[in-house]
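The values are calculated or read from the model by the stated rules, or taken from the named source; none is laboratory data. This one's a predicted model, so the numbers in the text were calculated from it and none came from an experiment. Methodologically, a virtual Cβ is constructed for each residue, glycine included, from the backbone with ideal geometry; neighbour enumeration extends over all protein chains shown.
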Amino acid sequence: MDIVCTRCGEPWDMDYVRHEEPEGFRRRGGRIDRCPVCPREKPRHSREERERLAAIREVADLLGGDIDGLAATLEDFRLL
């Protein structure tokens, strides 16, 4: 199951984030604030994408460190 970088929108397998390359991500609990593929400059997203990423940030903040719950919620609400 995937979680999403809230900066660039890239989906990442949660096990990869936790076990394979955890130092490559800037995170707060389950929320990814920056990932290895984020561009240096701030990405330009459509309004819909900005709203989707804002919703993902809110859900991630509510669930704290529950990465499994975050991945399931993103899938349930089709935010991937």
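In the range 22-66, of all residues being closer than 15 Å to Met1 by Cα and either modelled with pLDDT of 95 or more or in contact with a Pro (Cβ under 6 Å, 6 or more places away or on another chain) (or both), the one that is surrounded by the fewest Cβ atoms within 10 Å (Cβ to Cβ) corresponds to Asp66.
Whenever a residue of the range 1-17 is among the polar types (S, T, N, Q), its partners that are not in a loop (DSSP other than H, G, I, E, B), lying with C-beta atoms within less than 8 angstrom and at least six residues away or across chains, give the pairs Thr6/Arg31; Thr6/Ile32; Thr6/Asp33; Thr6/Leu53; Thr6/Ile56; Thr6/Arg57; Thr6/Ala60.
Right, Arg78: among the basic types (Lys, Arg) and more than 16 Å from Cys5 (Cβ to Cβ) or not? The answer is yes for Arg78.
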